[in-house]
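The values are calculated or read from the model by the stated rules, or taken from the named source; none is laboratory data. All values derive from a computational prediction rather than experimental measurement. Cβ placement follows ideal geometry from the backbone for every residue including glycine, while neighbour counts extend to all protein chains displayed. Accessible surface areas use protein heavy atoms only, side chains included; no ligands, DNA or RNA. Shrake-Rupley method; radii C 1.70, N 1.55, O 1.52, S 1.80 Å.
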Amino acid sequence: MLARSEALEVIFSRHGDRAIYVTSTGFISRAVSSQFEDLSGQVFFMQGSMGLAPAIGLGMALNTEKDVVVINGDGGLLMHLGSTHTIRDSQCDNLYHYVLDNGCHESVGGYRCSP
């Protein structure tokens, strides 16, 4: 299993400085902010709308030719799981959605995501 910082390194290496990034609420946004300061102008740090990063990313991707990269947590994804059907049905080929799975809602106290 990769550490969060390692996973982020892989994602940013793959998509580079030409992509637009959307990061979910909490620890992921903070990690990206500190780890990739030089790209902060290309990152939408989605704060306060738990679980909506994929929907926001889809809206962006439908309105640009650039790659839009959503970096989400497993807890955030579960907050609005239905958005995955909308994303699938859009057939948007420039949207990439990565889910970092640590098994919990880390930002709100580490509550488990699954039994």
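Data table
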quantity	calculated
Whichever residue in segment 21-72 is more than 12 Å from the chain's Cα centre (by Cα) and among the aliphatic types (A, V, I, L, M) and, among such residues, is least open to solvent (accessible area, probe 1.4 Å)	ALA61
Of all residues in segment 91-115 being assigned to a helix (DSSP H, G or I) and either open to solvent by less than 60 Å² (accessible area, probe 1.4 Å) or acidic (Asp, Glu) (or both), the one that is modelled with the highest pLDDT	SER107
Matching residues in segment 13-27 - criterion: being assigned to a strand (DSSP E or B) and farther than 20 Å from GLY75 by Cα	ILE20
Some residue of segment 28-43 being of a type in the set (S, T, N, Q), in contact (Cβ under 8 Å) with a residue 12 or more places away in the chain and touching a Gly at 6+ places or on another chain (Cβ under 9 Å)	no
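Here's the yes/no breakdown for (1) assigned to a helix (DSSP H, G or I); (2) of a type outside the set (Val, Ile, Thr):
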residue	(1), (2)
ILE11	yes, no
SER29	yes, yes
SER40	yes, yes
PHE44	no, yes
GLY48	no, yes
ALA55	yes, yes
VAL70	no, no
GLY75	yes, yes
ASP89	yes, yes
